[in-house]
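Peer 1: Sending over a structure as structure tokens; questions will come in a sec.
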Amino acid sequence: MKFPALVAAGLATLSIAVVMSLTAPSAQTALSRNEIINSLQGAQAKVEISADELRKQALEHIKKYPGDNSTEVLPLAAKLAQLRQFNVEITFDFDSDRIRPESYETVGIIADALHTPYLMGQKFFVVGHTDAKGKRDYNLNLSQKRADAIRDALVTTFRVPAEQLEAVGLGEEQLRDPAAPDAAINRRVQLINVGF
């Protein structure tokens, strides 16, 4: 079972990712619309990666590399790493896809950024990640439910066009820090710009 916090972390090896280190719910208010916009804008064209393909790869990854922790990376990981992206903390109730009330401000800031002319009309994956505590298939399912919950909140509460967002749960299959698989840094939500 997972701890509820999804902790933000940027991809340190990429110049296109913003490195955030939000470690407490109170730090969420430091997030700004401009940080999100600057991290996500600039997609050149639609990228040929589908959410279904990512989900399928994650499930196949669990079957191909069984066990508690896989040291292998997803085949599409390098392609995803080249895309404009932003990592953010969204907290959930323990072992649940219910977004905690203190995270709605963060979801609202994300929506505000997505409503700007800089990002309007582009498509984004909302990708949920977990740490490696618990069973991998369970984590995959929980991360999908949480990504769905964020997408649903953005669409229903904050009126982001549904066709602009697609939710993908990758569980623990793309750890931020493979050397520390149970670390909080691995629990995060990514917004990935996949173009027009």
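Every number here is computed from the coordinates shown, using simple stated rules; none is lab data. Just so we're clear, the structure is a prediction, and the values are computed from it rather than from any experiment. Don't worry about glycine lacking a Cβ; one is built from the backbone with ideal geometry, like all the others, and counts go over all protein chains shown.
Peer 1: What FRET efficiency, computed as 1/(1 + (r/R0)^6) with R0 = 25 Å and r the Cβ-Cβ distance, is obtained for Ser32 and Met120, rounded to the nearest 0.05?
Peer 2: For R0 = 25 Å, the calculated efficiency reads 0.85.
Peer 1: Also: What is the distance, in nm, between label points placed 7 Å from the Cα along the Cα-to-Cβ direction at Asp177 and at Asp68?
Peer 2: Taking the two extended label points, one gets 1.8 nm.
Peer 1: How large is log10 I(q)/I(0) at q = 0.15 Å⁻¹ when the Debye formula is applied to the Cα atoms of the range 47-196, each weighted equally and without solvent?
Peer 2: Computed log10 I(q)/I(0) values: -0.73.
Peer 1: How do the peptides 140-150, 91-101 rank, highest first, by the average count of neighbouring beta carbon atoms within 10 Å per residue?
Peer 2: The packing order, highest mean first, is 140-150, 91-101.
Peer 1: Moving on to the next point. Amide H to amide H under 5 Å from Val168: which residues, 5+ apart in sequence or cross-chain, H placed 1.01 Å off N in plane?
Peer 2: When sequence neighbours closer than 5 places are left aside, the close amide H contacts are Val126, Val127, Gly128.
Peer 1: How would you rank His115, His61, going from fewest to most other Cβ atoms within 10 Å of each one's own Cβ?
Peer 2: By the 10 Å Cβ count, ascending: His115, His61.
Peer 1: Residue by residue through the range 157-170, which ³J(HN,Hα) values in whole Hz follow from phi under the Karplus form 6.51 cos²θ - 1.76 cosθ + 1.60 (θ = phi - 60°), with glycine and proline marked x?
Peer 2: Here the 3J(HN,Hα) series is 7, 10, 6, 6, x, 4, 6, 8, 10, 9, 8, 9, x, 10 Hz.
Peer 1: Taking the range 48-85, which GluC sites (Glu not before Pro) meet the DSSP loop condition and have no more than 15 other C-beta atoms within 10 Å?
Peer 2: Loop-located and lightly packed - Glu48, Glu72.
Peer 1: Moving on to the next point. Taking H placed 1.01 Å from N in the peptide plane, check which residues at least 5 places from Ile90 or on another chain put their amide H under 5 Å from its amide H.
Peer 2: For Ile90, whose amide H was placed from the backbone, the distant partners under 5 Å are Leu6, Val189.
Peer 1: Would you list which aspartates and glutamates come within 16 Å of Lys79, measuring only between C-alpha atoms, while excluding same-chain residues fewer than 8 positions from it?
Peer 2: Within the straight-line limit of under 16 Å, Lys79 reaches these aspartates and glutamates: Glu48, Asp52, Glu53, Glu173.
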